[in-house]
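> Got a structure here, written out as structure tokens. Questions coming.
Every read-out reported here was derived from the displayed coordinates using simple, explicitly stated rules and does not represent laboratory data. Here the structure is a predicted model, which is why all the values come from computation and not from measurement. Neighbour counts run over all protein chains shown; Cβ positions are idealised from the backbone, glycine included.
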Amino acid sequence: MAPPLAYFITFSSYGTHLPGSEKGWVDAKHSMPRNPVLGGDERVEGYWRARLKETPLVLERDQRRIVLGAVVAVCAYKGWTAYGVHVRTTHVHAVVGGDTKPERMMAVFQELCN
């Protein structure tokens, strides 16, 4: 089977989408494609919120531009193709092609916002 042309990768900035969030979340048992997203759980979210070491990072306009540039630069450095990148205040969407597993791509990108 041929690898996909690209992956749709979404990641959040520090502390803005915690496990237990009513927005939906996944744990290690549910992190595969087509697995259900878990519903909100205030107890779980509170557990993780209490463990934050910093204030959640909400990206301002200049910070979003920096993150965009960093994602594009990382893709160039790694030999990946950035087909599209959209940086929001609390998360990033990217469509990226390359010969790397999507989990590794996401881990590399997530370091930019954490």
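> Report the one residue of 91, 69, 44 whose Cα lies farthest in the direction of the positive end of the charge dipole of the chain (charges on C-beta: Lys and Arg +1, Asp and Glu -1; origin at the Cα centre).
Positive-end residue among those listed: 69.
> Along the charge dipole of the chain, pointing to its positive end and built from +1/-1 on Cβ of Lys, Arg, Asp and Glu, which listed residue (100, 28, 79) has its Cα farthest out?
Going by the charge dipole, the pick is 79.
> In debye to the nearest 20, how big a dipole does the chain give about its Cα centre with +1 on each Lys and Arg Cβ and -1 on each Asp and Glu Cβ? Please list the in-between numbers first.
Numbers: 14 positive and 11 negative charges, 23 e Å.
Magnitude of the dipole: close to 100 debye.
> I would also like to ask the following. Label-point separation (nm) for residue 73 and residue 111, each offset 7 Å from Cα along Cα-to-Cβ?
Simple spin-label model gives 1.3 nm for this pair.
> Now for a different question. State, as an integer percentage, the relative contact order of the chain based on alpha-carbon contacts under 8 Å between residues 6 or more apart.
Reported relative contact order: 37 percent.
> For the pair residue 38/residue 54, report the inter-label distance in nm, with labels modelled 7 Å from Cα in the Cβ direction.
Taking the two extended label points, one gets 2.5 nm.
> Moving on to the next point. Where in region 22-59 are there GluC sites (Glu not before Pro) that are in a DSSP coil and have at most 14 other Cβ atoms within 10 angstrom of their Cβ?
22, 54
> Which residue, 28, 94, 82, has the most motion in a Gaussian network model of the chain that connects Cα atoms within less than 10 Å?
With Cα springs under 10 Å in the chain, the top fluctuation among 28, 94, 82 is at 28.
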